[in-house]
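Below: one structure, written as structure tokens.
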Amino acid sequence: MSDTVDTTDKDAFLAELREFEGRQVGPAVAADDAVNVPMVRHWVEAMGDTNPVYLDEDAAKASGRDGVVAPAVMLQVWPMKGLKSQGPRGDDEQSRLLGRLDDAGFTSVVATNTEQEYLRELVPGDLLSTTSFIESVSEEKATGLGVGHFVTTRTEFRDQAGELVGTMMFRILKFAPRPKAAPKPNRPRPS
């Protein structure tokens, strides 16, 4: 197969890419640590979030909760692995999809957006796990960065009982970078 996509074969290439839709990216990932107050404290202090329901039991109970809760935006934090803990990449469906795009000349990547949905508040002791799926691959799009495909993954966050507590859509653009413009020659300035 050639290194770039023949423009007459875009439909076949898109069909090949879309065969990845719905596939699980890799195995489920379990959090190393349960939701906990010290991490919440670090987060809210770093973010400057002063909502008392995150650290003050009385304030949380006064708001109708059973106790303190974690900020919703921390959903992705709990099961996140450090770079050393992630293990080798390249043996999952997402790596195969992105590799196919690389082979076709779409060698650059930029994250474009993320959307989270929160189904219930997380409380200390919740132990999360995630499972990710390839949600969609767009048709070829012309963007300011170059021509490429948007790839969207959907991650499901579940608690220790297997209950779905949140989801996240994460979208990237895999694109063929535009050729760099040739530098303009220096011209003498009129005196």
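The values are calculated or read from the model by the stated rules, or taken from the named source; none is laboratory data. Bear in mind that the values here come from a model prediction, so they are computed numbers and not experimental data. Using ideal geometry, Cβ is built from the backbone for each residue, glycine included, and neighbour counts are taken over all protein chains shown. Accessible surface is based on the protein model in full, side chains and every heavy atom, while ligands, DNA and RNA are left aside. Shrake-Rupley method; radii C 1.70, N 1.55, O 1.52, S 1.80 Å.
Apart from one condition, ASN186 fits all of (1) more than 30 Å from ALA15 (Cβ to Cβ); (2) buried (at least 16 other Cβ atoms within 10 Å of the Cβ); (3) without any contact (Cβ under 8 Å) to a residue 60 or more places away in the chain; (4) among the polar types (S, T, N, Q); the exception is (2). Please go through the range 31-42 and pick out each residue that is open to solvent by 60 Å² or more (accessible area, probe 1.4 Å) and either touching a helix residue (DSSP H, G or I) at 6+ places or on another chain (Cβ under 9 Å) or among the hydrophobic types (A, V, I, L, M, F, W, C) (or both). Residues satisfying the conditions are ASP33, MET39, ARG41.
Among the residues of the range 57-78, some residue qualifies, meaning at least one is modelled with pLDDT under 95, open to solvent by 50 Å² or more (accessible area, probe 1.4 Å) and polar (S, T, N, Q). Scanning for something closer than 30 Å to TYR54 by Cα, modelled with pLDDT under 95 and open to solvent by 80 Å² or more (accessible area, probe 1.4 Å), does the range 85-99 turn up at least one residue? Yes: one or more hits.
The rows are residues; the columns are (1) in contact with a helix residue (DSSP H, G or I) (Cβ under 8 Å, 6 or more places away or on another chain); (2) over 22 Å from ASP33 (Cβ atoms); (3) modelled with pLDDT under 95.
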{"position": "GLU117", "(1), (2), (3)": "no, yes, no"}
{"position": "LEU122", "(1), (2), (3)": "yes, no, no"}
{"position": "LYS141", "(1), (2), (3)": "no, yes, no"}
{"position": "GLY144", "(1), (2), (3)": "no, yes, yes"}
{"position": "THR153", "(1), (2), (3)": "yes, yes, no"}
{"position": "GLU156", "(1), (2), (3)": "no, no, no"}
{"position": "LEU164", "(1), (2), (3)": "no, no, no"}
{"position": "MET168", "(1), (2), (3)": "no, no, no"}
{"position": "ALA181", "(1), (2), (3)": "no, yes, yes"}
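Checking GLY125, GLY144 one by one, the residue that is open to solvent by 30 Å² or more (accessible area, probe 1.4 Å), out of contact with any strand residue (DSSP E or B) (no Cβ under 7 Å at 6 or more places or on another chain), of a type outside the set (S, T, N, Q) and at positive phi is GLY125 and no other. Annotation note: Cβ proximity below 6 Å between a residue of the range 33-47 that is in contact (Cβ under 8 Å) with a residue 24 or more places away in the chain and a residue that is open to solvent by 40 Å² or more (accessible area, probe 1.4 Å) and assigned to a loop (DSSP other than H, G, I, E, B) (sequence gap 6+ or interchain) occurs for ALA34/GLY125; ALA34/LEU127; VAL35/PRO124; ASN36/PRO124; VAL37/PRO124.
Out of the strands (runs of 3 or more DSSP E) lying entirely within the range 52-168, which hold 1 or more residues that are in contact (Cβ under 8 Å) with a residue 60 or more places away in the chain and among the aliphatic types (A, V, I, L, M)? Quick ask: steps written out before the conclusion?
Values: elements: 108-118, 129-137, 146-158.
Correct list: 108-118, 129-137.
Any idea which residue in the range 147-171 is nearest to TYR118 (Cα to Cα), counting only those that are open to solvent by 20 Å² or more (accessible area, probe 1.4 Å) and of a type in the set (Val, Ile, Thr)? Full working, then the answer.
Step one: of the range 147-171, the residues open to solvent by 20 Å² or more (accessible area, probe 1.4 Å) are 147, 150, 154, 156, 158, 160-164, 167, 169-171.
Among the residues that remain, those that are also of a type in the set (Val, Ile, Thr) are: 147, 167.
Working: VAL147: 33, THR167: 7 Å.
Filtering first and then ranking leaves THR167.
Name the single residue that is most open to solvent (accessible area, probe 1.4 Å) among those in the range 9-30 being of a type in the set (D, E, K, R) and assigned to a helix (DSSP H, G or I). Let's see the steps before the verdict.
Here is the first cut: in the range 9-30, the residues of a type in the set (D, E, K, R) are 9-11, 16, 18-19, 21, 23.
Next cut, assigned to a helix (DSSP H, G or I) only: 9-11, 16, 18.
Values: ASP9: 80, LYS10: 78, ASP11: 131, GLU16: 58, ARG18: 96 Å².
Selected residue: ASP11.
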